[in-house]
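S.K.: Mind having a look at this structure? Questions to follow.
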Amino acid sequence: MNRRLPMEVGAELTPVTQAVTLEDMILFEPPEEKNIHTDDGVARSAGLPAAIAAGVQFMANVFEMLYREFGFESVPGAVLDVRIRAPVFAGDVITARGRVSAVSRPGGAPRLSLEVWCENQRGEHVIGGSAECTAPGR
């Protein structure tokens, strides 16, 4: 886990990849609820081709990337500002990626500003935006 990453602008984080399944999508919704995130029929009645994954599922992948890169201490107090850009369906493969855009040291561990995004297997950005976190012990 926690490999040594240069704390400099442009440094890339180790990506986190997840194959999306309907079973995973259902875990992000209340038990037994049928909605556009859990049921193809409900999604089609809303004009979608199939059930779509909830955006929080991919925000979780960004947090996982921060955790793997910088350790658990980087997650509390982390701030994400992302926008959903495209739907994700069961069968898609999503990769969370990040790049350091700024580094500050406000009295202790470095505080990082990051460009973050998740892309599907076709390279399309499905969410994108920014994150801020600390890099404890760096």
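S.K.: Taking F63 as meeting all but one of (1) outside any loop (DSSP other than H, G, I, E, B); (2) within 15 Å of V20 (Cα to Cα), write down the number of the exception.
M.R.: (2)
S.K.: Which condition does S45 not pass, out of (1) closer than 23 Å to V20 by Cα; (2) polar (S, T, N, Q); (3) over 16 Å from the mean Cα position of the chain (by Cα); (4) surrounded by 15 or more Cβ atoms within 10 Å (Cβ to Cβ), if it passes all the others?
M.R.: Going through (1) closer than 23 Å to V20 by Cα; (2) polar (S, T, N, Q); (3) over 16 Å from the mean Cα position of the chain (by Cα); (4) surrounded by 15 or more Cβ atoms within 10 Å (Cβ to Cβ) one by one, S45 breaks only (4).
S.K.: Suppose we keep only residues that are more than 13 Å from the chain's Cα centre (by Cα) and of a type in the set (V, I, T) within the stretch 86-113. Which one would you say is farthest from T38 (Cα to Cα)?
M.R.: V103
S.K.: If you don't mind, another one. So for the stretch 107-116 (the condition being closer than 21 Å to T17 by Cβ and surrounded by fewer than 20 Cβ atoms within 10 Å (Cβ to Cβ)), does at least one residue qualify?
M.R.: yes
S.K.: From the list T17, T21, pick out the single residue that is more than 29 Å from A135 (Cα to Cα) and exposed (fewer than 15 other Cβ atoms within 10 Å of the Cβ).
M.R.: T21
S.K.: OK, next. I want to confirm something. Restricting to the stretch 66-97 and keeping residues that are assigned to a loop (DSSP other than H, G, I, E, B) and of a type in the set (A, V, I, L, M, F, W, C), which single residue is nearest to V20 (Cα to Cα)?
M.R.: A90
S.K.: A further question follows. Which pairs have Cβ atoms under 9 Å, sit 6 or more apart or on different chains, and link a residue in the stretch 62-82 that is more than 19 Å from E119 (Cα to Cα) to one that is of a type in the set (D, E)?
M.R.: G77/E132; A78/E132; V79/E132
S.K.: Follow-up. Return the pairs, sorted by first residue and then second, in which the second residue is crowded, with 18+ Cβ neighbours inside 10 Å and of a type in the set (G, A, S), the first residue lies in the stretch 14-43 and is touching a residue at least 12 places away in the same chain (Cβ under 8 Å) and in a helix (DSSP H, G or I), the beta carbons are less than 8 Å apart, and the residues are 6+ apart or on different chains.
M.R.: The qualifying pairs are L22/A51; D24/A53; M25/A51; M25/A53; M25/A54.
S.K.: Mind listing just one residue for me: the one in the stretch 67-85 that is surrounded by 16 or more Cβ atoms within 10 Å (Cβ to Cβ) and within 13 Å of the chain's Cα centre (by Cα) and, of those, nearest to H37 (Cα to Cα)?
M.R.: Step by step, filter the stretch 67-85, then rank; the result is I84.
No lab work stands behind these numbers, since they all come straight from the coordinates. Remember, it's a predicted structure, so these values are computed and weren't measured experimentally. Methodologically, a virtual Cβ is constructed for each residue, glycine included, from the backbone with ideal geometry; neighbour enumeration extends over all protein chains shown.
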